[in-house]
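Engineer: Below are the structure tokens for one structure; questions will follow.
The values are calculated or read from the model by the stated rules, or taken from the named source; none is laboratory data. Everything quoted here is computed from the prediction, not taken from an experiment. A quick note on method: Cβ atoms are made from the backbone with ideal geometry, for glycine too, and the neighbour counts reach across all protein chains shown. Note: areas computed on protein heavy atoms with side chains; ligands, DNA, RNA excluded. Shrake-Rupley method; radii C 1.70, N 1.55, O 1.52, S 1.80 Å.
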Amino acid sequence: MSTKITFIFDNPVDPAAFESAYPDLIERARRVPGVLKMETSKVWPKEDGTPTPAYRLIDLYFAEYDAANAAVATQEMGALFPRALELATGGVRVVFADVEES
């Protein structure tokens, strides 16, 4: 069963600053060993103009839990996490999830 690590970025204080630095974050994510697939997404704005529950997501897919867990200890992930925290002026959550269907 595959595993994914998802970064859930809350609405940033300065969206323009976040977007200008986002390509660097994606490049760092691409370098993480063991990633089989990466998906990035942006949350649609709400029609009523109220804040969305999140801003952007990055999903890193691995063959299984052990591969995802091992990736966390790599130098590449060590470069990704601090940058993600730095950009996440609105907050960020990182979760491991068992992929049940794809």
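Engineer: Against the longest principal axis of the chain, how steep is helix 75-87, in degrees 0 to 90 to the nearest 10, with axes from Cα atoms?
Structural biologist: Roughly 10 degrees, rounded to the nearest 10.
Engineer: Tell me the label-point distance for the pair ASN69, ILE26, using the 7 Å Cα-to-Cβ offset, in nm and rounded to one decimal.
Structural biologist: According to this spin-label approximation, the distance is 3.2 nm.
Engineer: Please report, to one decimal in angstroms, the Kirkwood hydrodynamic radius of the chain built from all distinct Cα-Cα pairs. Walk me through the numbers on the way to the answer.
Structural biologist: Details: mean 1/r = 0.0708 Å⁻¹.
With all distinct Cα pairs of the chain included, I get 14.1 Å.
Engineer: Order THR89, THR3 by their accessible area, 1.4 angstrom probe, all chains in place, largest first.
Structural biologist: The ranking, largest first, comes out as THR89, THR3.
Engineer: Can you give me the % of accessible surface on the chain that is carbon or sulfur? Probe 1.4 Å, all protein chains present, nothing else counted. Let's see the in-between values first.
Structural biologist: Working: 3310 of 6100 Å².
The nonpolar share, carbon plus sulfur, comes to 54 percent.
Engineer: Another one. Compute, for the stretch 15-102, the length of the dipole vector about the Cα centre, with Cβ point charges of +1 (Lys, Arg) and -1 (Asp, Glu) only. Units Debye, rounded to 20.
Structural biologist: Approximately 340 debye in magnitude.
Engineer: How much accessible area per residue does the chain have, counting only protein heavy atoms and a probe of 1.4 Å, in square angstrom? Mind dumping the intermediate values first?
Structural biologist: Values: 6100 Å² over 102 residues.
That works out to 60 Å² for each residue.
Engineer: Which order do GLU86, GLU19 take when ranked by solvent-accessible area (1.4 Å probe, heavy atoms of all protein chains), largest first?
Structural biologist: Working: GLU86 120, GLU19 55 Å².
In descending accessible area the options line up as GLU86, GLU19.
Engineer: In addition: Need one number: nm distance between label points at PHE96 and ASP48, each 7 Å from Cα along Cα→Cβ, rounded to one decimal.
Structural biologist: Placing both labels 7 Å beyond Cα along the Cβ direction yields 3.8 nm.
Engineer: Compare the Cα positions of PHE62, ALA84, VAL99 along the charge dipole of the stretch 47-102 (+1 at Cβ of Lys, Arg; -1 at Cβ of Asp, Glu; about the Cα centre) and return the one farthest towards the positive end.
Structural biologist: ALA84
Engineer: Please state the shape class of the stretch 48-102: rounded when a/c is under 1.5, otherwise prolate if a/b exceeds b/c and oblate if not, all from the C-alpha gyration tensor.
Structural biologist: Oblate, because a/c is 1.5 or more while a/b does not exceed b/c.
Engineer: While we're on this one: Set the Förster distance to 22 Å, then compute FRET efficiency between MET38 and MET1 from the Cβ-Cβ distance, nearest 0.05. Don't skip to the end; give the middle numbers.
Structural biologist: Numbers: r = 19 Å, r/R0 = 0.84.
Approximately 0.75, to the nearest 0.05.
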